[in-house]
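A quick write-up on the structure given underneath.
Nothing in this text is a laboratory measurement; each read-out follows from the coordinates by a stated rule. None of the values given here were measured: they were computed from a predicted structure. For neighbour counting, all protein chains shown are included, and Cβ atoms are generated from backbone atoms with ideal geometry for every residue, glycine included.
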Amino acid sequence: MLSENQDILEIVSQFCDTLRPLEDIFYLERKYNDQLIPLAKEFNILGLPVKSEYDGLGLSNVQYAQVIEKISAEGSGIRTFFSGHSSLGQKTIQRYGTEDQKQKYLIPSTKGDVIFAFALTEPEAGSEPLSMTTNYVNKGDHYLLNGVKHLITNAGIADVIITFAKGPDNWVSAFLIDTHCEGIEREDLTTKMGMPTTNTSMFELSNYKVPKENLLGNKTQGWEIAKYSLLNGRLSVSAGCVGTIADCLNESIGFAKGRFQHGKEIAKHQLIQEHLSFMKTNLESSRLMTLRAAELIDQFELDGSEESFQRADAAVSEAKFLASNLAWDAADRSVQIFGGRGWSFLYRPGRHLVDTRVCRIYEGTDEIMKLKIASSLLGRGFEAYS
Ligand SMILES: Cc1cc2nc3c(=O)[nH]c(=O)nc-3n(C[C@H](O)[C@H](O)[C@H](O)COP(=O)(O)OP(=O)(O)OC[C@H]3O[C@@H](n4cnc5c(N)ncnc54)[C@H](O)[C@@H]3O)c2cc1C
């Protein structure tokens, strides 16, 4: 599996090596890393899951998860950019877009000439997205949208935002919002706990006109589209968390072998070894769960059946829940191994600790993942919420 993917993994490794010293500076200055997209363009990695007929690299979900794991060692922020652009943006348009939409948006996105974001969450509609109040009316040759979306990855830098809104008949529909048109105002979130180098924004649509041809799927398909996107978004979070654990482990091993206390390397103290053994076991289990979920998403994309969707949905919820909690644990252990240095953003463990925390919140919180896992066991009649 890995060997088929070796070429792209090597390219991504080189991208990561080039990005790291730049990211270090932006992170310490707590600024948006404006070199990320130009560098990703240079390495031609902005169309990872897009089929070759649309100029992408055509990675399967399994291959994509392996690449996202590698990218995530550079920080959850860097990975989150790819999740917004590729997992939530490109994959969604690839599955539900018309041929015209793919020509106009998907193909240029593989070169970084169009950047995507995905907007479901609103100030009063988070874990319960169907309570959204962003709304639209049909005006004949266009739709008129009004509403506010917040906490949206890439929204401040995106050219196109997949945006969900309710129609007068209460159907949720998905639209491709061009951010260069009138009627949209964006504001970046700057008071963030972590991921300072990537963009998180809110935006308001005021009588924003969407041309008819920018409806994604049909008007009754919005919720189906959102659920498919979340499958991909959760896979990328899960794979990203595997990368976080791997980097925490690498950093910890390197540090523990070089740091002397009580007359020997701290790596020779058994309590430090205990941390490393937990991290290694958690790395392998998270990776296996993530690749299993990726295989099941591959299967769903092949056969499109409801049964395959349910299997993939449960597996990716389990993987995301496990990997995001174990990434948090790994970052915490790694900070502990680094001692006082671990508490500083000069070192990677402290950055991972604050960056990875959001992985237990976005794309479905821990609580929502637990409820989804339980309902996959108990059946629809036992769902804790509807
Ligand atoms: C950095 C960042 C990036 C993001 N990027 C995006 C993006 O690109 N696109 C997008 O659409 N959204 C994005 N989000 C939003 C994210 O998906 C939401 O924050 C998340 O779904 C939780 O919603 P909420 O913040 O409104 O919390 P709430 O839904 O208000 O939840 C608050 C608490 O209540 C709990 N809770 C809620 N319902 C239940 C229940 N039924 N049972 C038990 N507990 C419950 C939650 O688990 C949580 O602990 C992003 C968020 C962050 C922080």
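If you go through segment 342-359, how many residues are touching a residue at least 24 places away in the same chain (Cβ under 8 Å) and more than 15 Å from Arg79 (Cβ to Cβ)?
The first filter runs over segment 342-359 and keeps only residues touching a residue at least 24 places away in the same chain (Cβ under 8 Å), leaving 345-349, 351-359.
With more than 15 Å from Arg79 (Cβ to Cβ) added as a condition, the list becomes 345-347, 349, 353.
Result for segment 342-359: 5.
Yes/no per residue for (1) assigned to a loop (DSSP other than H, G, I, E, B); (2) at positive phi; (3) surrounded by 22 or more Cβ atoms within 10 Å (Cβ to Cβ):
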| residue | (1), (2), (3) |
| --- | --- |
| Arg186 | no, no, no |
| Met195 | yes, yes, yes |
| Tyr208 | no, no, yes |
| Lys219 | yes, no, no |
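Considering only residues in segment 127-158 that are within 18 Å of the chain's Cα centre (by Cα) and either at positive phi or among the charged types (D, E, K, R) (or both), the one that is nearest to the ligand (Cβ to nearest atom) turns out to be Leu151. Within segment 197-206, the set of residues being within 12 Å of the ligand (Cβ to nearest atom) and either surrounded by fewer than 22 Cβ atoms within 10 Å (Cβ to Cβ) or assigned to a strand (DSSP E or B) (or both) comprises Thr200, Ser201, Met202, Phe203.
For Ser83, state whether it is touching a residue at least 60 places away in the same chain (Cβ under 8 Å), within 27 Å of Leu353 (Cα to Cα) and buried (at least 21 other Cβ atoms within 10 Å of the Cβ).
Values: touching a residue at least 60 places away in the same chain (Cβ under 8 Å): yes; within 27 Å of Leu353 (Cα to Cα): yes; buried (at least 21 other Cβ atoms within 10 Å of the Cβ): yes.
Yes, satisfied.
Go through the residues of segment 114-126 one by one and say whether even a single one is more than 11 Å from the ligand (Cβ to nearest atom), of a type outside the set (Lys, Arg) and either free of Cβ contacts under 8 Å to residues at least 24 places away in the same chain or within 28 Å of Val354 (Cβ to Cβ) (or both). Among the residues of segment 114-126, at least one is more than 11 Å from the ligand (Cβ to nearest atom), of a type outside the set (Lys, Arg) and either free of Cβ contacts under 8 Å to residues at least 24 places away in the same chain or within 28 Å of Val354 (Cβ to Cβ) (or both), which makes the answer yes.
Of the residues in segment 69-92, not one is in contact with a helix residue (DSSP H, G or I) (Cβ under 6 Å, 6 or more places away or on another chain), within 16 Å of the ligand (Cβ to nearest atom) and farther than 29 Å from Arg287 by Cα. Close contacts from segment 364-386, counting a first residue that is assigned to a helix (DSSP H, G or I) and a second that is within 11 Å of the ligand (Cβ to nearest atom) and among the basic types (Lys, Arg), with Cβ to Cβ under 7 Å and a gap of 6+ residues or different chains, come to Asp366/Arg360.
With respect to (1) within 16 Å of the ligand (Cβ to nearest atom); (2) farther than 26 Å from Cys16 by Cβ, the lone exception for Ser238 is condition (2).
Tell me, please, whether a residue that is within 15 Å of the ligand (Cβ to nearest atom) and not small (Gly, Ala, Ser) can be found in segment 335-351. Break it down stepwise before answering.
Quick first cut of segment 335-351, residues within 15 Å of the ligand (Cβ to nearest atom) only: 351.
Next, from what is left, pick out any that are not small (Gly, Ala, Ser): 351.
For segment 335-351, residues within 15 Å of the ligand (Cβ to nearest atom) and not small (Gly, Ala, Ser): present.
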